[in-house]
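Only one structure is covered here, and it is reproduced in the block below.
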Amino acid sequence: FRKEDVVVLGVGRLVEKKGFLYLVKAVREIVKKQKHVQFVIVGDGDQKPLLEKEVKKFKIESYVHFPGQIGYSDLVDYYNFADIFILPSVRDAEGNLDDQSVAAIEAMSCGKSVITTDFPGYRLVIDHGKDGFLVPEKNTKKIADIITTLVVSPSLRKKIGKAAREKIIKKFSWKQIGKEYTELAKIRKYIDAG
């Protein structure tokens with residue numbers, strides 16, 4: 001990649017419910033105006049051939065990269081290398097959906113601007129426009145618009161990423177979760193005592 005490139009990262013199994021097909025469709029629109037952007041989609045799965053076919057069809061091979069499955073311990077390097085993280089989850093043909101991905105929280109903890117689908121589970125973690133972005137399901141135009149806004153605004157990326165990291169540390173760190181479980185146990189003990 002070139003020094004001036006903005007790197008957009010997606011991490012997950014390459015299956016329908018992860019929604020990467022909608023990211024690939026958005027890339028086609030983004031690169032018409034933004035030439036200094038690269039997309040890295042980490043993972044493997046039954047949709048990989050379809051995604052690669054779409055990339056070739058749209059002639060965006062120089063913008064979209066599929067490094068395959070990456071060891072979990074190496075993912076942090078990808079998060080830290082990226083500027084933006086996206087997981088455009090959808091409800092698949094069987095009704096399955098990915099409504100709360102660990103990858104989105106990991107990216108937030110690395111201080112990245114995160115874009116994901118406006119599903120209830122993600123709303124628990126992301127306050128749209130403050131510490132991340134929520135997009136309507138399968139809306140390639142909205143995906144393209146938010147990515148483009150972040151690509152052209154390093155200061156916005158930094159502001160959102162900083163707020164995302166602060167939120168994860170404050171509300172979703174292991175230490176904080178441990179405190180909440182301890183409080184729940186105290187409440188349960190009180191209720192059981194009658």
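Worth pointing out:
- Extension gain, residue 186 to residue 100, is 28.2 nm, computed as 0.36 nm per intervening residue step minus the present C-alpha separation.
- Theoretical FRET efficiency, 1/(1+(r/R0)^6), r = Cβ-Cβ of residue 62 and residue 141, R0 25 Å, to 0.05: 0.65
- Cα-projected label distance for residue 193 with residue 81, points at 7 Å along beta-carbon direction, nm: 5.4 nm
- Accessible solvent surface per residue of region 29-168, calculated while the other protein chains remain in place, 1.4 angstrom probe, Å²: 49 Å²
- Helix-derived mean residue ellipticity, 222 nm - over the chain, DSSP H n ≥ 4, -39500 (n - 2.57), to 500: -14500 deg cm²/dmol
- Area of residue 128 that stays accessible when all protein chains are in place (1.4 Å probe, Å², to 10): 100 Å²
- Charges were assigned to the Cβ only: +1 to each Lys and Arg, -1 to each Asp and Glu. The resulting dipole of the chain about its Cα centre is roughly 640 debye.
- Entry for semi-axes √(5λ) of the Cα gyration tensor in Å (calculated from the structure that is shown) out of [x] 32, 19, 15; [y] 92, 9, 8; [z] 34, 29, 12: [x]
- Translational diffusion coefficient (Stokes-Einstein; Kirkwood radius from C-alpha pairs) of region 113-180 at 10 °C, 1.306 mPa s, in µm²/s: 125 µm²/s
- Residue separation of residue 35 and residue 3 scaled by 0.36 nm, minus their Cα-Cα distance, works out to 10.3 nm of gained length.
- Between residue 130 and residue 153, the FRET efficiency estimated from the beta carbon spacing at R0 = 22 angstrom works out to 0.90.
- Cross-link pairs 53/170; 3/159; 48/142 - those with Cα-Cα distance over 30 Å: 53/170
The values are calculated or read from the model by the stated rules, or taken from the named source; none is laboratory data. Because the structure is predicted, anything quoted here is derived from the model rather than measured. Note that we place each Cβ from the backbone using ideal geometry, even for glycine, and neighbour counts take in every protein chain shown. Heads up: the accessible areas ignore ligands, DNA and RNA and are worked out on the full protein's heavy atoms, side chains in. Shrake-Rupley method; radii C 1.70, N 1.55, O 1.52, S 1.80 Å.
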